[in-house]
Amino acid sequence: MALYASVLACPRALNLRVLTSLLSSQHGISSSTATSILILPRLLLLPRAGRPRSWSSCTCKRALRLPLPTENGIETQTQRVQCMSTAVPRLHHAAASEERQSQVGQERAEETLALTFQQAIQQLQNYWASVGCAVVQSSSTEVGAGTMNPSTFLRVLGPEPWNVAYVEPSIRPDDSRYGENPNRVQRHTQFQVILKPDPGNAQELYLGSLAAIGIDTQAHDVRFVEDNWESPVLGAWGLGWEVWMDGMEITQFTYFQQAGSIALDPVSVEITYGLERILMSLQNVDHFSKIKYFSGITYGELFLENEREMSAFNLEFADVDVAKKRFDLYDAEANSLLALGLAIPAYDHLLKASHIFNVLDARGAVGVTERARFFARMRLLARKCAQLWVATREKLNHPLGISGSLPCLEHPPEALREAALQIIAPSTFVLEIGSEELPAQDVSSGIAQLQVAMKPFFERKRLKHGQISVCGTPRRLAIIVEQLAHEQSACEREVRGPPVSKVYDAHGQPTKAMEGFCKKNGVAIDSVFARVDGKTEYIFAKVRDEGRHAVEVLSESLPELLTEITFSRTMRWNSQTLYGRPLRWLLALHGDAVVPFAYAGVVSSRFTRGLRNSIHSVMQVARAEDYLSALDDSGVVISLEERHKFIWSESSSLAVTVNGKISEEARFSLLDEVVNLVEAPLPLIGHFDESFLNLPAEVLKTVMHKHQRYLPVEEKASNHLLPFFVAVANGKVNEEVVRRGNEAVLRARYEDARFYYESDIAKPLAEHRTLLDGIVFQDKLGSMLDKTKRLESMIQPLGALMSLDKSTLSVALQAASLARADLATSMVMEFTSLAGIMGKHYAKKEGYPAEVADAIFESVLPRFAGDALPESVVGLLLSVADRLDSLVGLFTVGCQPSATADQFGLRRTAYGLVQSLVQIDKDLDLKQALTIASSVQPVIVTEKVQRDVLLFIIRRLEQLLVDDGANVELVRSVLAERGHVPALAARSVPQLTKIAENGCLSRILEAYARPRRIVRGILPSIPSQVNEDLFVLPEERLLWEAYTRTAAQLCGNVAVDVFVEASLGLVEPLENFFNKVFVMAEEQDLRTNRLSLLQQISMLPAGIIDLSQLPGF
């Protein structure tokens, strides 16, 4: 308790990060433990009305009187700190467990004691004020999120510290639902917190705030799930998480990396609470309108009519033309204010423009490319505002001061010496890299990288070892090495010294250079020997390295090892080191000794962390051999394979209880991600209302997969979806509370989907097609309706090229008119991955033929790597036409990919084009097809553009064939002649491969190589006609006859093997010709005729294979 007394005496205004650092260094405890100790007394100092309900002082005293572990009857400082660190997060649980009479009683008590909306705001304000945040006010202009408030966007710029909290009513017109959706509102309330600089314990502070508003993190499943946030409007991005509580996103948690296109230093932490969702859960209500806002007043009584009327405006009555004019006016005014040096009013007008854009977006008046143009204008304004703000603060000499850097932490010098003395024999080594939650793919990537790196690492360091295991969870990557040597193996190495001419004087005596070399390397002069290296003779010595202690080697080398771990995206926090997410602890043990080192501002120790809601949230590991058992005792399943096996087994068993199964699709597409979202998996089965099964199954699965990471349950025999799902919670929780929460989240998601669906089917698909006129494809290429019309006009000529009959073309024309209509539906606007899927569904529902509906879906295939390909020729025709239109049009207007960017995904477009043609094996001459696509464009397409597009497509075809395992030289030799007909080229490559393997190809190369070399330089001047009357020798006539027989077999798209077989008939006649006939005869007519014959032979491979691309030609 002496620690708490000292904390109470500290000035409350002192920066929490400074206090944490002081307490950690003075008492030898972790920063998270220090934070818990700091926060608790500060909360107790709050007025009773401002404290969390379950954190009364008597509760705290009761919790702190938990039995303390002792060593020989004496309580140690470390043990006291550990007990405190585990007691603080459990205060609510300790109090509640005494009052819990039954599950039902607890739930009723929670509903009764739940805070009102107003009280929750007050509690959050009090909590964040107690840890050093200023409470400020919301923006006076509509903002789409608290991030856009000047108190966030402008204040995260520059070096000044800034710790604030405020309530922000956020307006999102696209979320308008007339008050009918339980979770979705166009005006929602965020609570925004900015911590600048990153205090180092932001997650712990945040979890403390949840406790402050009555959320029991031991009962609820609270998790940090990857979310890489980006705002194209603000030129801002950051890495962090969505915070989920029982499957519902309640908070956005982000480490800002950039704002206004300016890299941020220091990094700020943004915490954005969604208050409506949190209060719905706390009060156990199923609709936002039922939230108790204040005593006797509901949220709906205050705001429901506002939702209805503003939804009508946002979705139905906002005048698009007027809105576009307003946007232009606000944009112009903002630029005028910037010219006057007024950053704040300029930014205010940017916010107004942004809100107008959101209204236009809600009205469906913004297409893909038009969106990019709007974003570019707003991003430019944001950058100018940011630059002006930074310059203004510099002129003011940064009134709030400049954020200081964290102290550089390191072990004392004697730590290394003491650790080395402890290890005198091979022992287990453990390195645990502890961080805030890594993205799921980064866990797998980190494990894979370390598995590859560790054996070479120890070989380089000359440390013998036993088995190496690499494991990982979202919060840790761990390396476990059995029987790691306590010292390096001795080795002998050869060291080169100075040249011989420098180490001996004129009398043959050693010079100072020789003496210095020998002294440096610890060798005698008589052991040195000479050897020529290159053109110079040097002296050499063999030096024996006895080896250093393993702890010394590891202490030096482990930071290097950590630096080599790479992730798809990395970030900074309060360290300039880059990592997937902030590093928070390092456990490094060799036997019972800590391997001392520091990395990214974190020093190694013997402490690890368990689950956040566990009594083992911080654990001390005595020996490396105890590491796995310590994690096991805490409930952490560190093995990825074990988590995978357990989740699949338990989920499958749960599905069986409702006569269902988990789909194989979910197993392969989702399970690998779910496995790396949890450390202690707990599968739970949930139920949803059967009425939602009336929605398309693809919609239901998309919501479960993409938004919730749920495993859908299907009927065993029919594979039809059942009204059940499996959610995977993390750790020991109140299963009923978590199940109920996940069911509520899914219900709200499905209500949203039903809203979209019902609004879509209220009008026919053809009517949605007309709305495509309001969606811009590209400024110079028109709307999506214009693109659809181009698609229709290409069907007949392309179909003729593909030799399709009239009935097939009739189906294709009908499908083409509707192929992009679903882009204007509400469902696809919300779930873009359902494009094509919903078009097919709506077409079927309206009674269109199955061939038409299927073709609508197949027209978008393939959508991504590994996706399905069109199966019908009608679907193929639509897919090809659409892709050719995009490629030709976008290349023409200058939107082709660069080396570093592909804004419109044209590489994927071209790859899918050739992939589909090859899959169905349908020959299409792309040269002619590109001419057709060019003829329908609203801009002039030059021949150069057509050549560029063709080359671009052929390169994707090369990639496809090489990806399938073909030899790149063989592929290029075929594509040089047949690349414009992808299916033909794809058939030719395996034929050529087989010929190359059986040895025939070399004979063909030799046969054609000599004629080609002879005529290469004089080809244009050689007549194309061969005159048989000028043949003098029989070898000339025999070669001519062999040529005519061969040429007769090489008509049209002849197979490569036919070409080779026919060409073998030229081998002997050619050999005899060159042995008997002098090509360059003195007589002009003889010489010309013989050259003409060789020219004709050299041209036989044209249109089949370019032999010059092959080695040996």
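What are the residues in the stretch 449-481 that are part of a strand (DSSP E or B), in contact with a Ser or Thr (Cβ under 6 Å, 6 or more places away or on another chain) and surrounded by fewer than 19 Cβ atoms within 10 Å (Cβ to Cβ), if any? First the steps, then the outcome.
Quick first cut of the stretch 449-481, residues part of a strand (DSSP E or B) only: 468-473, 476-481.
Now drop any that are not in contact with a Ser or Thr (Cβ under 6 Å, 6 or more places away or on another chain), which leaves 471, 480.
Those that are part of a strand (DSSP E or B), in contact with a Ser or Thr (Cβ under 6 Å, 6 or more places away or on another chain) and surrounded by fewer than 19 Cβ atoms within 10 Å (Cβ to Cβ): none in the stretch 449-481.
Could you list, in sequence order, the residues of the stretch 961-974 that are closer than 24 Å to residue 905 by Cα, touching a helix residue (DSSP H, G or I) at 6+ places or on another chain (Cβ under 7 Å) and surrounded by fewer than 20 Cβ atoms within 10 Å (Cβ to Cβ)?
962
Can you tell me which residue in the stretch 796-805 is surrounded by the fewest Cβ atoms within 10 Å (Cβ to Cβ), limited to those that are part of a helix (DSSP H, G or I) and hydrophobic (A, V, I, L, M, F, W, C)?
800
Tell me the residue from 366, 359, 390 that is open to solvent by less than 20 Å² (accessible area, probe 1.4 Å) and part of a helix (DSSP H, G or I), please.
Of 366, 359, 390, the one residue that is open to solvent by less than 20 Å² (accessible area, probe 1.4 Å) and part of a helix (DSSP H, G or I) is 359.
Out of the residues in the stretch 295-315 meeting the condition of being among the polar types (S, T, N, Q) and in a helix (DSSP H, G or I), tell me which one is most open to solvent (accessible area, probe 1.4 Å).
Filtering the stretch 295-315 for residues that are among the polar types (S, T, N, Q) and in a helix (DSSP H, G or I), the one most open to solvent (accessible area, probe 1.4 Å) comes out as 306.
Looking at 301, 370, which one is over 19 Å from residue 148 (Cα atoms), at pLDDT below 95 and acidic (Asp, Glu)?
Just one listed residue meets the conditions, 370.
Are there any pairs, at least 6 apart or on different chains, whose C-beta atoms fall under 9 Å, with the first in the stretch 416-437 and within 30 Å of residue 254 (Cα to Cα) and of a type in the set (Gly, Ala, Ser) and the second part of a loop (DSSP other than H, G, I, E, B) and modelled with pLDDT of 90 or more, and if so, which?
From the stretch 416-437, the pairs are 434/475; 435/474; 435/475; 435/580; 435/581; 435/582.
Those residues that are in a helix (DSSP H, G or I), open to solvent by 10 Å² or more (accessible area, probe 1.4 Å) and more than 19 Å from residue 964 (Cα to Cα), I need them from the stretch 980-1010; list them, please.
Once the filter is applied, which keeps residues that are in a helix (DSSP H, G or I), open to solvent by 10 Å² or more (accessible area, probe 1.4 Å) and more than 19 Å from residue 964 (Cα to Cα), the stretch 980-1010 yields 998, 1000, 1001, 1002, 1003, 1005, 1006, 1007, 1010.
Just to be sure, is residue 1053 under 27 Å from residue 999 (Cβ atoms) and either in a helix (DSSP H, G or I) or open to solvent by 60 Å² or more (accessible area, probe 1.4 Å) (or both)?
Yes.
Given the conditions (1) in contact with an Asp or Glu (Cβ under 9 Å, 6 or more places away or on another chain); (2) in a loop (DSSP other than H, G, I, E, B); (3) over 13 Å from residue 247 (Cα atoms), and given that residue 719 satisfies all but one, which numbered condition is not satisfied?
Result: residue 719 fails condition (1) only.
One residue is enough: does the stretch 674-685 have a residue meeting the conditions surrounded by 15 or more Cβ atoms within 10 Å (Cβ to Cβ), in a helix (DSSP H, G or I) and within 28 Å of the chain's Cα centre (by Cα)?
Looking through the stretch 674-685, at least one residue is surrounded by 15 or more Cβ atoms within 10 Å (Cβ to Cβ), in a helix (DSSP H, G or I) and within 28 Å of the chain's Cα centre (by Cα).
What residue, of 383, 379, is among the basic types (Lys, Arg), surrounded by fewer than 21 Cβ atoms within 10 Å (Cβ to Cβ) and either at pLDDT below 95 or within 26 Å of residue 176 (Cβ to Cβ) (or both)?
None of the other options fit; the residue is 379.
What's the total number of residues in the stretch 158-171 that are out of contact with any Lys or Arg (no Cβ under 8 Å at 6 or more places or on another chain) and in a loop (DSSP other than H, G, I, E, B)?
1
Here is a yes/no grid of residues against (1) of a type in the set (D, E, K, R); (2) over 22 Å from the mean Cα position of the chain (by Cα); (3) surrounded by fewer than 23 Cβ atoms within 10 Å (Cβ to Cβ):
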site: 237; (1), (2), (3): no, no, yes
site: 243; (1), (2), (3): no, no, no
site: 246; (1), (2), (3): yes, yes, no
site: 253; (1), (2), (3): no, no, no
site: 260; (1), (2), (3): no, yes, no
site: 265; (1), (2), (3): yes, yes, yes
site: 270; (1), (2), (3): yes, no, no
site: 273; (1), (2), (3): no, yes, no
site: 279; (1), (2), (3): no, yes, no
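Being closer than 12 Å to residue 987 by Cβ and open to solvent by 10 Å² or more (accessible area, probe 1.4 Å) is the filter here; which residues of the stretch 910-927 pass it?
Result: 918, 921, 922, 923.
On the given criteria, is residue 977 of a type in the set (Asp, Glu) and open to solvent by 70 Å² or more (accessible area, probe 1.4 Å)?
When the stated conditions are applied, residue 977 does not pass them.
Determine whether the stretch 899-922 contains at least one residue that is free of Cβ contacts under 8 Å to residues at least 24 places away in the same chain and part of a helix (DSSP H, G or I).
Among the residues of the stretch 899-922, not one is free of Cβ contacts under 8 Å to residues at least 24 places away in the same chain and part of a helix (DSSP H, G or I), which makes the answer no.
The values are calculated or read from the model by the stated rules, or taken from the named source; none is laboratory data. Because the structure is a prediction, the values reported are computed rather than measured. Note that we place each Cβ from the backbone using ideal geometry, even for glycine, and neighbour counts take in every protein chain shown. For accessibility, only protein heavy atoms count, side chains too; no ligands or nucleic acids. Shrake-Rupley method; radii C 1.70, N 1.55, O 1.52, S 1.80 Å.
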